[in-house]
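J.: Quick one: the structure is below, questions incoming.
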Amino acid sequence: MGGELVIKSGDLIPFKAEEVLSPLVKEIFLFNSYVAGTSYLKEKDVLKEIFEGQKLVLQRENNKFDKNAILVLTEDKRKVGYVPEDDNVVFSRLMDAGKCLYARVKELSEHKGFYKISIDIYLIDF
């Protein structure tokens, strides 16, 4: 047994999952878009907390107005808006097929209470 790793029952090997998985993860840029529906938010204070470079969660929503609706949320699950209907068909299909997508704030501007949030959408591939 020269140079082999031998683990006995009950032995623990300390490691962090993100250290093992991180080199295996590829983030693939897919598309640049914006966050739609910010004017209709009930909790508009979330918009004041958004910053450039921030990672945003994309989540499918069962929506009677748009069968391909994708919510844009902060990492603590506060609603920011939606991926625009014109852009969401391909992304909703990817998500429905089990693919993991997220967005990152590219640019942010506010003018007289109107927020324009430009986002880049990424696919996480393993």
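The values are calculated or read from the model by the stated rules, or taken from the named source; none is laboratory data. Keep in mind that what you see is a predicted model, and the values were worked out from it rather than measured. Every residue, glycine among them, receives a Cβ derived from its backbone with ideal geometry; neighbour counts consider all protein chains shown.
J.: What is the residue count in the range 91-119 for residues that are in contact (Cβ under 8 Å) with a residue 40 or more places away in the chain and part of a helix (DSSP H, G or I)?
T.: Residues in the range 91-119 being in contact (Cβ under 8 Å) with a residue 40 or more places away in the chain and part of a helix (DSSP H, G or I): 1 in total.
J.: Condition first: in a strand (DSSP E or B) and surrounded by 11 or more Cβ atoms within 10 Å (Cβ to Cβ). Can you find one or more residues in the range 82-90 that meet it?
T.: yes
J.: Would you be able to say whether some residue in the range 44-63 is assigned to a strand (DSSP E or B) and among the aromatic types (Phe, Trp, Tyr)?
T.: No - not one qualifying residue is present in the range 44-63.
J.: Taking the range 40-63 as the region of interest, how many residues are modelled with pLDDT under 95 and charged (D, E, K, R)?
T.: 6
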